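Have a look at the structure below before the remarks.
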Amino acid sequence: MKYNALGTTGVKVSELCFGTMSFGGDANEEESGRMYKACRKAGVNFFDCADVYNAGKSEEILGRLIAGERDDLVITSKCHGPMGDDVNARGSNRRHIVRAVEASLRRLDTDRIDVLFMHRFDNALPLEETLRALENVVQSGKVLYIGASNYAAWQVARALGISERRGWSRIDVIQPMYSLLKRQVESEILPMAASENVGVITYSPVGGGALSGKYGPDMHPSDGRLVANKEYAKRYSVEGTYETAAAFTAFAKEMGVHPVSLAVAWVGSHPAVTSPIVGARNVDQLKPALDSVNIDMTPDLRAEISALSKAPPPATDRFEESG
């Protein structure tokens, strides 16, 4: 396992980050523990969580698992989503951020969150309100670094400008979606991150399971996230998804590697990506993702795999200048 610098923080994180969304949901506490141990044995020191994951259960389980080695780990969480029926139990305003951080610290049983991500951009209030609140929790020592998940490039850039002007803590890490099936981040988000030295941890490198080897034009399993989760089914219902998945599976088979390993390695090979986030329901499903670090993703191999899906248009949409 290699360790990469997380933006300009000076913190070193494993080249894979484990996403704990399954803890307390698809994975009970016992299976969560087995996956955590497998990650630690592989050298993973980076774990991503969120308050909304299984209504706080994911944070609670992760908190129990990290006891005794907290200082060896980099732990993230997120806030913004609804954490109750109350009208104020959500959003990116100062009141909710402060309360959400305090609640996450209790569930994680820790004195600080290494990286706190805003889970979504909040269109309902000025960005300054969110950034000032984040500066407050950083100054309090409860949060060490700030992150943004699912922000557009312009939203991150605007936040960076405000923080620099006000002398506040900047966004050090972003968390966008990225896979061979979802490459929009290549147009603006990843170039922006590289330009501004912002760390990048990407989620869904296997396309919600579409690149796991189980899907194709004539292959539609009866279970799995793309079947059980309506949001995922809609997300990957675009034309060409199953054709690309089938071509990718055939490519991986020809190479003699598991398609999950190859999918994760491809995402991690982008120069702007710090660590892909991998997740699983059980240890058997996790193993090929951990094995991705053993693939030598050369520039030529990356180019061959990239050719299996359609690249996004350049930011200016001037194809004649894209080379």
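Where a number appears in this text, it was derived from the coordinates with a stated rule and is not lab data. Computed from a prediction, not measured in an experiment: that's the story for all the values here. Cβ coordinates were reconstructed from backbone atoms using ideal geometry, including for glycine residues, and neighbour counts include every protein chain displayed.
Some points to look at:
- Out-of-range pairs (alpha-carbon distance over 19 Å; input Lys37/Lys142; Lys12/Lys41; Lys2/Lys287): Lys37/Lys142
- Answer label for Rg and Dmax of the Cα atoms in Å (calculated), chosen among (1) 19.2, 56; (2) 22.5, 71; (3) 23.9, 83: (1)
- Order of Asp71, Asp109, Asp122, Asp114 under a 10 Å beta carbon neighbour criterion, fewest first: Asp71, Asp109, Asp122, Asp114
- Here the residues Leu73, Leu131, ranked from fewest to most Cβ neighbours within 10 Å of their Cβ, fall in the order Leu73, Leu131.
- Panel order for Val11, Val138, by other beta carbons found within 10 Å of each beta carbon, from fewest to most: Val138, Val11.
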